1. Only one of these conditions is not met by residue 121: (1) within 16 Å of ligand 1 (Cβ to nearest atom); (2) more than 30 Å from residue 177 (Cα to Cα). Which number is it?
2. Across the stretch 59-89, what is the total count of residues that are in a strand (DSSP E or B) and more than 16 Å from residue 45 (Cβ to Cβ)?
3. Considering only residues that are surrounded by fewer than 18 Cβ atoms within 10 Å (Cβ to Cβ) and under 23 Å from residue 245 (Cα atoms), which ones fall in the stretch 200-212?
4. Only one of (1) touching a residue at least 40 places away in the same chain (Cβ under 8 Å); (2) within 16 Å of ligand 1 (Cβ to nearest atom) fails for residue 251. Which number is that?
5. I need the full set of residues from the stretch 163-175 which are out of contact with any strand residue (DSSP E or B) (no Cβ under 8 Å at 6 or more places or on another chain) and within 16 Å of ligand 1 (Cβ to nearest atom), in order please.
6. Could you say whether any residue in the stretch 101-110 is more than 16 Å from ligand 1 (Cβ to nearest atom), in a loop (DSSP other than H, G, I, E, B) and either within 19 Å of the chain's Cα centre (by Cα) or surrounded by fewer than 16 Cβ atoms within 10 Å (Cβ to Cβ) (or both)?
7. I'm trying to understand the selection: among the residues of the stretch 242-267, which are closer than 27 Å to residue 122 by Cβ and assigned to a loop (DSSP other than H, G, I, E, B)?
8. Of everything in the stretch 176-216 that's closer than 17 Å to residue 296 by Cα and touching a strand residue (DSSP E or B) at 6+ places or on another chain (Cβ under 6 Å), which residue is nearest to ligand 2 (Cβ to nearest atom)?
Ligand SMILES: *[C@@H]1O[C@H](CO)[C@@H](O)[C@H](O)[C@H]1NC(C)=O
Ligand SMILES: *[C@@H]1O[C@H](CO)[C@@H](O)[C@H](O)[C@H]1NC(C)=O
């Protein structure tokens, strides 16, 4: 049963091919029907589709009566243009000896594909996407075939690929976008991406090896909020959430870094918070502060995310803590000159007295040399190990 079926379909295919080849001697390149393609500066052969191969025809430009090539040229159903240039682009007509119209052919010039530029990126630990762009403009209708395989480690018996390594299509999503997505990839595996540019003049393939753990770059954290802490004029509490694109799982956590700076102050202070919240204890009382956060895979795979959009907050102005009250006065008033002088003095002393590097303060916080108020029960874990 199945063998007679396949025999029948083979016959049908043969008939179909015979029909096509008797109805047109012209190879149909990929692209819209009726258009034939060539390269500027190269010789170009146009083919009359409505005759049998070798039948003598006359060629005209569409809309002109001047004969381009007569039926006695010896070239049969073909028209040869020695060095095609842009003035040759346009529509041609072929007729048989009796004047019957046998074909309308449009000539379009352009270049063969060149290897596209491809890069891949992952915003979570299971899916990655690749994007591409042409490395050279071909001027012709173009499409991209995208696939990937899992790279195998060469076995002891040679380099045979097991069937499970692909290739599988990398679906273009949405269709026609210069982007395809691989879902459900393995975090530690190597993948080889194949992006093949296709146009009527040929194909060109770019291969790119990627592994999820090296291209991983989370999206920035979301929902960043900065709030004052009532009664503490030098504190700000910042909180945020995981990016929506990163499902939380015990084996794939994110770590964070947070930066803050008072308005008009150019330099950021950086801390590495332990969780999804951080209390800044050396804010400048009365000044708005900008805060931003970024995220990275907990085990340092890939790279840091971009910074989140900045959020702003101003420490509360009611002071309950006498120590902080002093600090507020200092930072608001005496700060300008006295503060700087004292700071320089303190820094000098510190530089001279510190026991050779390692045990020194890890990072002087903003204004730290001026106002020694950081001794409050500290929720802030200062950065760098
Ligand atoms: C990977 O993509 C699928 C389909 O979009 C999604 O359901 C899944 O949550 C993604 N995986 C991760 C870890 O984000
Ligand atoms: C890349 O993809 C193209 C188109 O699917 C295919 O013809 C070619 O063999 C592939 N090349 C490699 C090295 O896998």
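The values are calculated or read from the model by the stated rules, or taken from the named source; none is laboratory data. Nothing here was measured: the structure is a model prediction, and the numbers come from that model. Don't worry about glycine lacking a Cβ; one is built from the backbone with ideal geometry, like all the others, and counts go over all protein chains shown.
1. The one condition residue 121 does not meet is (2).
2. Residues in the stretch 59-89 being in a strand (DSSP E or B) and more than 16 Å from residue 45 (Cβ to Cβ): 3 in total.
3. Across the stretch 200-212, there are no qualifying residues.
4. It fails just one condition, (1).
5. Scanning the stretch 163-175 gives a single hit, 174.
6. For the stretch 101-110, residues more than 16 Å from ligand 1 (Cβ to nearest atom), in a loop (DSSP other than H, G, I, E, B) and either within 19 Å of the chain's Cα centre (by Cα) or surrounded by fewer than 16 Cβ atoms within 10 Å (Cβ to Cβ) (or both): absent.
7. Correct list: 242, 243, 244, 245, 246, 247, 248, 250, 251, 253.
8. For the stretch 176-216, the residue satisfying everything is 211.
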